[in-house]
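*Asks:* What follows is a single structure, and I will ask about it in a moment.
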Amino acid sequence: GGSLSWRCNNPGNLVVNNMESAKKIGAIGIWEGENNYAIFATPEDGRKALRDWWTKGDHLDETVYDHIERFAPSSENNIKAYRGILKQFQVPLDKKVKDLNKEERERLYQAIEQQEAFGKAGKTYHNNNLI
């Protein structure tokens, strides 16, 4: 049970092309389906990859409003809902990604985790025992 993002320790539901690209972002595997979702060993590893996505790369001069379309393409996501949750978390959509301060970035990550249903946990087992 639980959401796909929770099962994969991938709070941003980051998608990769193949295992080589998965390893580059710190993933240990791929959940294959309509998209190849990166699987991380821990939630912390998944959070680090999410943070790296938003703090590195050629998109830093884009506004949050524009970049969310690249992060969560409208072909797979409800962009209006995504932007709505960012507003709810008081993430400044008109600000360039590179200009977000630490507090704004943290709110951005929290909004993404909520939108991607990372908090929807399932049951955890160890050696066939519920823990």
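*Asks:* How far is helix 79-88 tilted off the main Cα axis of the chain, in degrees rounded to 10, range 0 to 90?
*Replies:* The two axes meet at around 80 degrees.
*Asks:* Can I ask one more? Normalised by the residues of the chain, what does the relative contact order come to in percent, with Cα pairs under 8 Å and at least six apart?
*Replies:* Values: 186 pairs, mean separation 39.2, N = 131.
Once divided by the residue count of the chain, the mean separation gives 30 percent.
*Asks:* Provide the per-residue ³J(HN,Hα) series for the range 46-60, in order, calculated from phi with Karplus coefficients 6.51, -1.76, 1.60 and θ = phi - 60°, each as a whole number of Hz, with x at glycine and proline positions.
*Replies:* Result, rounded to whole Hz: x, 5, 4, 5, 4, 5, 4, 4, 8, 10, 9, x, 8, 9, 5.
*Asks:* Still on this structure: Taking only protein heavy atoms into account and a 1.4 Å probe, give the accessible area per residue of the chain in Å².
*Replies:* Spelled out: the 1.4 Å probe surface of the chain, per residue, equals 60 Å².
*Asks:* Measuring from a point 7 Å past the Cα of Q114 along Cα-to-C-beta, which residues in the range 1-40 have an amide N at less than 16 Å?
*Replies:* Once the point is set 7 Å along Cα→Cβ of Q114, 12 turn out to lie under 16 Å by backbone N, inside the range 1-40.
*Asks:* Largest first, what is the accessible-area ranking of I112, I39, I25 with a 1.4 Å probe?
*Replies:* I25, I39, I112
*Asks:* If you don't mind, another one. Quick check for me: using +1 on Lys/Arg Cβ and -1 on Asp/Glu Cβ, what's the dipole size of the chain about its Cα centre, in debye to the nearest 20?
*Replies:* Rounded to the nearest 20 debye, it is 320 debye.
*Asks:* Let me ask another. How big is the Cα convex hull of the chain in projection, averaged over all directions, in nm²?
*Replies:* Answer in nm², one decimal: 8.4.
*Asks:* What part of the accessible area of the chain, given as a whole %, is carbon or sulfur when the probe is 1.4 angstrom?
*Replies:* Carbon-and-sulfur percentage of accessible area, whole number: 46.
*Asks:* Still on this structure: Taking the dipole about the Cα centre of the range 1-99, with the C-beta of Lys and Arg at +1 and of Asp and Glu at -1, give me whichever of G46, A22, A72 is farthest to the positive side.
*Replies:* Positive-most Cα among the choices belongs to G46.
The values are calculated or read from the model by the stated rules, or taken from the named source; none is laboratory data. Keep in mind that what you see is a predicted model, and the values were worked out from it rather than measured. Every residue, glycine as well, gets a Cβ built from its backbone with ideal geometry; the counts of neighbours run over all protein chains shown. Accessible surface is based on the protein model in full, side chains and every heavy atom, while ligands, DNA and RNA are left aside. Shrake-Rupley method; radii C 1.70, N 1.55, O 1.52, S 1.80 Å.
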